[in-house]
Amino acid sequence: MSQRRLIMIAAAAAATLAFSQIACAEEAAAPAAADSAALYERQCGICHDAGGFGTVMLERRVGAERSVLAQRNDLPPAYVRHVVRNGLRDMPPLTRVELPDADLEAIAQYLQRARQ
Amino acid sequence: MSQRQTPPGVSAAALERAFAAFTRVVGEQWALRSEEDRRTYEDLYAFDAVDQHIPSGAVAPGDVEQVRALVRLANEHRIPLWPISRGKNLGYGGAAPRMAGTVVLDLGRMNRILDVNEKFGYCIVEPGVGFYDLFDHLQRERIQLWMSAPGQTWGSVVGNALDRGNGAPLGEHAERICGLEVVLPDGDLVRTGMGAMSNSDTWAAFKHGYGPSWDFAFTQSNFGVVTKMGLWLMPAPEASLSLRMKLPRAEDAGWAIDALRPLRLQGVISQPAGIGNYLRDAAVRSQRQQWHQGEGAMPDAEVQRMIDTLGIGWWSVRMRFFGPEQVNAAKARVVRDAFAKRTRIEFEEQVWRSGEPLAASGAAIPSVSGLRLANWMGGQGAHSTFSPVLPADGALATAHLARVRARFSEHGFDYYGGFTLGERALIFTSGIIFNRDDAAMKARARALFAALIEDAAAAGYGEYRTHLSFMDRVAQSFDFNEGALRRLNEKVKNALDPRGIIAPGKQGIWPRAYPETRR
Ligand SMILES: Cc1cc2nc3c(=O)[nH]c(=O)nc-3n(C[C@H](O)[C@H](O)[C@H](O)COP(=O)(O)OP(=O)(O)OC[C@H]3O[C@@H](n4cnc5c(N)ncnc54)[C@H](O)[C@@H]3O)c2cc1C
């Protein structure tokens, strides 16, 4: 992916993210699909997109075919939740401040949707 | 599962009462006390048992008034707080507090970019603003300003500058701070510099204001909680020019430093110039086991094979010029001429012009791929950086380099490091990369770090920043007049914060309230 494109994605992600954070601020309804994708891109994609830190590390452990998270079809939401809150090997855990439960839920569901 | 850690002298019941009070300020969602939540704030790259720096919980205010309320309650309940901005201080302690049981004051929710002034080249931001956020904002709004960022950008603009971090293109980020808003340990709210005038327009434009200048007193300090920061950005340049030279031998660093120093001092090179060793390139591109299997530091012959295979140098010298194309070209010529007197090796030169893809420009483009270097040794990667300050002198630097490399070999680690040249001094960074699953290796890493501090202190070189585990020891090495600086810091600390509630122990500054905790 070109740097340009990455920048555009990041910018779009931020725009929707700002919106979804307002939506999530109080008692959150799960964000709409587009927001979930943007949320995933910002919170996970920075490591899990092609060439990212997470992707490189997963390539070492589970092989290239399964290294890009958003293309996986074997990630139950409960597992995603567990990894994000507890970390896994070189993945640091994310706090509930940077990623509130409602956002994590949206991401876990998004990764489910991604496989259909 | 371990028992909940409480701060020294605080009972579990008292902690419960304090949390109940905190919760009334921030709401249930932002008072985090579960075991799982606490663990999300632990130091992933800890040298000691992680429990030595585990918080008893975290609390996340949404605005300045909540910060003030929490600080007042912390006084009332005598609960120490550890402020973090995004808490990604990886290698220096992450989000974890110096003293176990301290409650993390997580400012991540306060993430507004309050102002970006294109005309005067500054921004005013809250602590939770990440490098990604600022970058996206500048791009989206097409603002012709660039930020500067560290080697990995998961963290925050404010936290990094407050810890006096450095990065590219601008070097020392604390130098760019202009105006702070701070909640003092008694809950009072102050603005420094021109911001102390309620109707001033120059808060983030003029540094020192009137009377004593306070901004630096709140960096690497525990005198208050910073809630806003003015920071100078650089105008997006019309062009940039990068020079890079690979040097084949370890000894080459000496003459390169001597060649660069006058150019830095004259301002021909106005940004820090870097000299990094082969492992800086190799560790992000490969893993040790690809090159070497055995215990102990990689033998020289295998290092050479790796250097040759990857096509990298023993050292790589890098610098960049930003601005009008002719000016950059003229400066590059001066640098090339200076180097030509000492070597036949040529610089690789790359010119970027505004409008071309940003990747080649030297602008800070957010990335966290640097994190993978921690996996050099395999297992669960961890690393920390030892970074003393030396005069910018080739002979002194290479003499100390020899001592440092000997220590790395003695402790069985591959040497990772380099020099960042300022105008008069250089920061000599050495990274210790270890596998935190391997207890013996972790112990060796700790022993190496301790030995490096001793050697540097004996030579009169002090560190510019350090990991939680070594804050006291490094503070001790600043020993003039039997530690007069520590006495001054602690006098100020006790005056501002008599109950010692803000970040006890940070940078070796211990309030009177915790006499037993200094190591
Ligand atoms: C691979 C790798 C490369 C790195 N490269 C660099 C680099 O090039 N340059 C560099 O500088 N660092 C580097 N780091 C270290 C670190 O990750 C960054 O400095 C990071 O930006 C710090 O995290 P943060 O910004 O979230 O700050 P935080 O963790 O939020 O803050 C750092 C410390 O400052 C204090 N603090 C923070 N906010 C406040 C506040 N509002 N009020 C009072 N005190 C406060 C606290 O003591 C806190 O622990 C690197 C780390 C890794 C792992």
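The values are calculated or read from the model by the stated rules, or taken from the named source; none is laboratory data. Because the structure is a prediction, the values reported are computed rather than measured. Cβ coordinates were reconstructed from backbone atoms using ideal geometry, including for glycine residues, and neighbour counts include every protein chain displayed.
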Can you find even one residue in region B:96-109 that is at pLDDT 95 or above, polar (S, T, N, Q) and assigned to a loop (DSSP other than H, G, I, E, B)?
-> yes
Would you check which residues across region B:125-137 are in contact (Cβ under 8 Å) with a residue 24 or more places away in the chain and over 20 Å from the mean Cα position of the chain (by Cα) and list them?
-> B:His137
Regarding B:Trp154, is this residue aromatic (Phe, Trp, Tyr), within 15 Å of the ligand (Cβ to nearest atom) and under 30 Å from A:Cys47 (Cβ atoms)?
-> yes
Does B:Ala204 satisfy the criteria of being surrounded by 24 or more Cβ atoms within 10 Å (Cβ to Cβ) and in a loop (DSSP other than H, G, I, E, B)?
-> yes
Would you please name the residue that is surrounded by the fewest Cβ atoms within 10 Å (Cβ to Cβ), looking only at residues in region B:474-519 that are touching a residue at least 24 places away in the same chain (Cβ under 8 Å) and of a type in the set (D, E, K, R)?
-> B:Glu516
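Each row is one residue, and each column tells you yes or no for (1) within 24 Å of the chain's Cα centre (by Cα); (2) away from the ligand (no atom under 11 Å from the Cβ).
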site: B:Phe47; (1), (2): yes, yes
site: B:Gln66; (1), (2): no, yes
site: B:Ile79; (1), (2): no, yes
site: B:Asn89; (1), (2): yes, no
Single unsatisfied condition, B:Asp281 versus (1) over 30 Å from B:Val492 (Cα atoms); (2) touching a residue at least 40 places away in the same chain (Cβ under 8 Å); (3) within 15 Å of the ligand (Cβ to nearest atom); (4) more than 14 Å from chain A (Cβ to nearest Cβ) = (2)
Unmet criterion (only one of (1) under 25 Å from B:Ala495 (Cα atoms); (2) within 12 Å of the ligand (Cβ to nearest atom)) for B:Val129 = (1)
Here the residues within region B:94-114 that are more than 21 Å from B:Val129 (Cβ to Cβ) and not charged (D, E, K, R) are B:Ala96, B:Pro97, B:Met99, B:Ala100, B:Gly101, B:Thr102, B:Val103
Of the residues that make up region B:121-131, is at least one surrounded by fewer than 24 Cβ atoms within 10 Å (Cβ to Cβ) and at pLDDT below 95?
-> no
Residue in region B:403-421 that is aliphatic (A, V, I, L, M), within 14 Å of chain A (Cβ to nearest Cβ), under 30 Å from B:Ala475 (Cα atoms) and surrounded by 15 or more Cβ atoms within 10 Å (Cβ to Cβ) present = no
Search result, residues across region A:56-99 that are more than 9 Å from chain B (Cβ to nearest Cβ) and crowded, with 19+ Cβ neighbours inside 10 Å | A:Leu58, A:Ser67, A:Leu69, A:Val80, A:Val84, A:Met91, A:Leu99
B:Leu180 passes all but one of (1) part of a strand (DSSP E or B); (2) surrounded by fewer than 23 Cβ atoms within 10 Å (Cβ to Cβ); which number fails?
-> (2)
Give the residues of region B:338-365 that are part of a loop (DSSP other than H, G, I, E, B), facing chain A (nearest Cβ under 10 Å) and not small (Gly, Ala, Ser), sorted by residue number.
-> B:Pro357, B:Ile365
Are any of the residues in region B:246-254 within 22 Å of the chain's Cα centre (by Cα) and of a type in the set (A, V, I, L, M, F, W, C)?
-> no
Positions within region B:3-51 being assigned to a loop (DSSP other than H, G, I, E, B), small (Gly, Ala, Ser) and within 14 Å of chain A (Cβ to nearest Cβ), in sequence order | B:Gly27, B:Ser34, B:Ala46
How do the pairs read when you match residues in region B:142-170 that are within 19 Å of B:Met319 (Cβ to Cβ) with residues anywhere that are among the charged types (D, E, K, R) and more than 7 Å from the ligand (Cβ to nearest atom), using Cβ under 9 Å and keeping only pairs 6 or more apart or on different chains?
-> B:Ser148/B:Arg176; B:Asn166/B:Glu172; B:Ala168/B:Arg320; B:Pro169/B:Arg320; B:Leu170/B:Arg176
Positions within region B:132-164 being surrounded by 22 or more Cβ atoms within 10 Å (Cβ to Cβ) and of a type in the set (Gly, Ala, Ser), in sequence order = B:Ser148, B:Ala149, B:Gly155, B:Ser156, B:Gly159, B:Ala161
